[in-house]
Amino acid sequence: MWLLVISAFLLPGIVWLMPKKIPRLYLYATTGVATYFQLLTDVFLHIELNWYGYFNPVPRSEWQTLWLVPIYFSIDPIFLNFYPYKKGMKRQILYMIGWSLFSTAYEWLASQLGIFYHNKWKLYDSAIAYPFLFLLLRLQLWLVMKLSEKDLVLKNGN
């Protein structure tokens, strides 16, 4: 549990204190959609299919998962804020691989500490999924930026 408590305070602290390199509205919009996607995934894979879960499978104690919310809200802004946008493709791919390795290691540690458990979903499934999820975060930011640009064009009457 100590891992969740530390993460739940440390990660939002980083978000709060980090110099924002992209507009806060973009961070807010992408974080909302990413969190919704995470919760939707949890509803199906965790609650409906029981492929993985948090804490004890029986009895279920979902109230403890509230510690995950500040973590969900923090990963997207940190990832996108420090993304190497103006660096080469190789650097961007390495950045996503680094985050994927970190996420896999964090999940492994959480499973060792009894915070997370695997049933049909295994750690290697996460290791394969994380690069695609981080790519989706980057594409989501691109979409938010394009929508914002179109709104500015419409607002200015062009």
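Computed from the coordinates by the stated procedures, all read-outs in this text should not be read as laboratory data. Because the structure is a prediction, the values reported are computed rather than measured. Cβ coordinates were reconstructed from backbone atoms using ideal geometry, including for glycine residues, and neighbour counts include every protein chain displayed.
Below is a table of values for the structure above.
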read-out	value
Cα→Cβ-extended label distance, 7 Å offset, between residue 102 and residue 39, nm	2.4 nm
Over the chain: helical MRE at 222 nm, DSSP H runs n ≥ 4 each giving -39500 (n - 2.57), nearest 500	-23000 deg cm²/dmol
Whichever lysines have a C-alpha closer than 22 Å to that of residue 20, once near sequence neighbours (fewer than 8 apart) are set aside	86, 87, 146
For segment 106-158, alpha-carbon Rg relative to the globular expectation (2.2 N^0.38 Å, N residues)	1.91
Evaluated over segment 27-146, the Cα radius of gyration and Dmax, each in Å	15.0, 49
Proximal lysines relative to residue 122, as straight alpha-carbon distance under 30 Å, when same-chain residues fewer than 8 apart are discounted	90
Separation of the residue 147 and residue 85 label points, Cα + 7 Å toward Cβ, nm	1.7 nm
